[in-house]
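The values are calculated or read from the model by the stated rules, or taken from the named source; none is laboratory data. Model, not experiment: these values are computed from the prediction. A quick note on method: Cβ atoms are made from the backbone with ideal geometry, for glycine too, and the neighbour counts reach across all protein chains shown.
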Amino acid sequence: MDIRVQSVKFDADVKLLEFVDKKVGKLDKFYDEIIKAEVTLSLLPDNANKDVKIRIAMPGKDLFIQKNASTFEDAIVDCVDVLKEQIVKIKEKKAGK
C-alpha cells in the first residue's frame, strides 16, 4: 500500500510521519486489496485542535474518515480504528458472496 502524507500550513516532523506510516500501514493486514492511503494533517484555527483526514483507495469503493483531537497521534488512532472496522465489514461482505 502506498501511503501519502500531506501537512497543511506546517511541516510535519519525521517522528509524526513515521507514526502515520506505522498506524495506517497496519490497515493493509486487514485487507490486502488496499491500493493507497492519502493522509492530510492540518491545524485548526484555534491551534488547540488537530485535524486528520484519511482516504483509503481500494477497488470498488473509497473510504474516507476525518477526526479532530488535541494531538495528531490521537486523531490518527481514532481514524485508523474506524477505518479498520469499515475494512473488516467490507472484507466479510465480500467473502460472503
task = Please specify each residue of region 31-56 satisfying the condition of being among the aliphatic types (A, V, I, L, M) and surrounded by fewer than 16 Cβ atoms within 10 Å (Cβ to Cβ).
result = I35, L43, L44, A48
task = Please enumerate the residues belonging to region 1-21 that are closer than 23 Å to D62 by Cβ and either basic (K, R) or assigned to a strand (DSSP E or B) (or both).
result = D2, I3, R4, V5, Q6, S7, V8
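Residue by residue, here is whether (1) within 14 Å of the chain's Cα centre (by Cα); (2) at pLDDT 90 or above; (3) buried (at least 17 other Cβ atoms within 10 Å of the Cβ) holds:
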| position | (1), (2), (3) |
| --- | --- |
| K23 | yes, yes, yes |
| F64 | yes, yes, no |
| S70 | no, yes, no |
| V77 | yes, yes, no |
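Looking at V77, V24, V82, which is the one that is in a helix (DSSP H, G or I), in contact (Cβ under 8 Å) with a residue 40 or more places away in the chain and over 17 Å from D2 (Cα atoms)? Don't jump to the end; show me each part of the working.
Details: V24 fails: over 17 Å from D2 (Cα atoms); V82 fails: in contact (Cβ under 8 Å) with a residue 40 or more places away in the chain.
Testing whether each residue is in a helix (DSSP H, G or I), in contact (Cβ under 8 Å) with a residue 40 or more places away in the chain and over 17 Å from D2 (Cα atoms) leaves just V77.
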